[in-house]
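I have a structure here, written as structure tokens, and I will follow up with some questions on it.
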Amino acid sequence: MAAISAQPFDYPLPATLSQAALVIIDMQRDFLEPGGFGDALGNDVGLLRAIVPTLQQLLAAFRSLELPIFQTTESHRSDLADCPPSKRLRGNPALKIGDPGPMGRILIEGEPGNAIIPELAPLPGETVITKPGKGAFYNTNLEFLLKTHDITHLIITGVTTEVCVQTTMREANDRGYECLLVEDATESYFPEFKQATLEMVRAQGGIVGWTATAEQVMAGLKQVKGA
Ligand code: C5J
């Protein structure tokens, strides 16, 4: 059986490789560029750009092997009906969700700041899940789409590691998906939180799943496809 060399032990790939999907969480301008949601919360948004080249490589590999790809954005309706006041008001940020900012209204679907960064822009036909919460399964049709396509394995990437990425991985693990978090394709505003997340998901025999580098993921896929 083909596997990805990973921690805490090898990650077995499914017999049919198209049952493994790449999941890219929230690589949107609101988190990576000045003037967005991440910035309004007081973060150094430049830190997240380090993973962009690695994500481009992974995206290219999944596209060339014609494997499923799901991107997400953290997005709210323009009337904010899906944004609880607890989320909007928490921390009293300089700009709240829905307020006008330099890239349009903060974290609102369809606004310029809510778009995925151009380097990772989805191709026509690729799926983007807009999610109102931190986890990609909460109030979205992600699980329905995964079931419809018989997807059992999720290769998880994106930002931020300890918030939307980890929440999504835990939601997926509880639903029975085999999850691998790509170490150099996820990033946090807090390097120590990223490191802690990598360690906690793979602790206790992979209690939430596996971790591996992007190179290890791509080498594992090539074993199967001979690409
Ligand atoms: C946050 C996310 N950090 N995508 N969202 O609010 O992790």
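Restricting attention to segment 146-160, which residues are of a type in the set (S, T, N, Q) and either within 8 Å of the ligand (Cβ to nearest atom) or at pLDDT below 95 (or both)? If you could, list the steps in order and put the result at the bottom.
Of the residues in segment 146-160, the ones of a type in the set (S, T, N, Q) are 148, 152, 157, 160.
Within segment 146-160, just 160 meets the criteria.
Those residues that are among the acidic types (Asp, Glu) and in contact with a Ser or Thr (Cβ under 8 Å, 6 or more places away or on another chain), I need them from segment 185-227; list them, please.
Step one: list which residues in segment 185-227 are among the acidic types (Asp, Glu), which gives 187, 192, 199, 215.
Hit for segment 185-227 is 187, nothing else.
While we're here: If you check every pair at least six apart or on different chains, which have Cβ atoms under 6 Å apart with a residue in segment 45-60 that is under 19 Å from residue 23 (Cβ atoms) first and a residue that is in a helix (DSSP H, G or I) and among the hydrophobic types (A, V, I, L, M, F, W, C) second?
So the pair list comes out as 48/32; 54/214; 55/120; 58/214.
Would you point out which residue out of 92, 139 is exposed (fewer than 14 other Cβ atoms within 10 Å of the Cβ), touching a residue at least 12 places away in the same chain (Cβ under 8 Å) and out of contact with any helix residue (DSSP H, G or I) (no Cβ under 9 Å at 6 or more places or on another chain)?
139
Just one of 6, 60, 40, 2 is aliphatic (A, V, I, L, M), more than 15 Å from the chain's Cα centre (by Cα) and within 16 Å of the ligand (Cβ to nearest atom); which is it? Spell out the reasoning first.
Details: 6 fails: within 16 Å of the ligand (Cβ to nearest atom); 60 fails: within 16 Å of the ligand (Cβ to nearest atom); 2 fails: within 16 Å of the ligand (Cβ to nearest atom).
Criteria check complete, one pass: 40.
Next question, about the same structure. How many residues does segment 112-136 contain that are among the hydrophobic types (A, V, I, L, M, F, W, C), surrounded by fewer than 16 Cβ atoms within 10 Å (Cβ to Cβ) and without any contact (Cβ under 8 Å) to a residue 60 or more places away in the chain?
1
Quick test of your reading of the structure: residue 213 fulfils all but one of (1) more than 20 Å from residue 66 (Cα to Cα); (2) open to solvent by 60 Å² or more (accessible area, probe 1.4 Å); (3) away from the ligand (no atom under 11 Å from the Cβ). Name the failing condition by number.
Here residue 213 clears every test but (2).
Among (1) within 16 Å of the ligand (Cβ to nearest atom); (2) closer than 13 Å to residue 21 by Cα, where does residue 33 come up short?
(2)
Let me ask something else about it. Residues in segment 175-184: is at least one farther than 22 Å from residue 3 by Cβ, within 16 Å of the ligand (Cβ to nearest atom) and open to solvent by less than 10 Å² (accessible area, probe 1.4 Å)?
Taking every residue of segment 175-184 in turn, none turns out to be farther than 22 Å from residue 3 by Cβ, within 16 Å of the ligand (Cβ to nearest atom) and open to solvent by less than 10 Å² (accessible area, probe 1.4 Å).
Please verify whether residue 197 is polar (S, T, N, Q), touching a helix residue (DSSP H, G or I) at 6+ places or on another chain (Cβ under 7 Å), open to solvent by less than 40 Å² (accessible area, probe 1.4 Å) and within 14 Å of residue 31 (Cβ to Cβ), treating the condition exactly as stated. Break it down stepwise before answering.
On the way: polar (S, T, N, Q): yes; touching a helix residue (DSSP H, G or I) at 6+ places or on another chain (Cβ under 7 Å): yes; open to solvent by less than 40 Å² (accessible area, probe 1.4 Å): yes; within 14 Å of residue 31 (Cβ to Cβ): no.
In short, no.
The values are calculated or read from the model by the stated rules, or taken from the named source; none is laboratory data. Keep in mind the model is a prediction, meaning the values are calculated, not measured. Every residue, glycine as well, gets a Cβ built from its backbone with ideal geometry; the counts of neighbours run over all protein chains shown. Please note that ligands, DNA and RNA were not included when accessible areas were found on the heavy atoms of the full protein model with its side chains. Shrake-Rupley method; radii C 1.70, N 1.55, O 1.52, S 1.80 Å.
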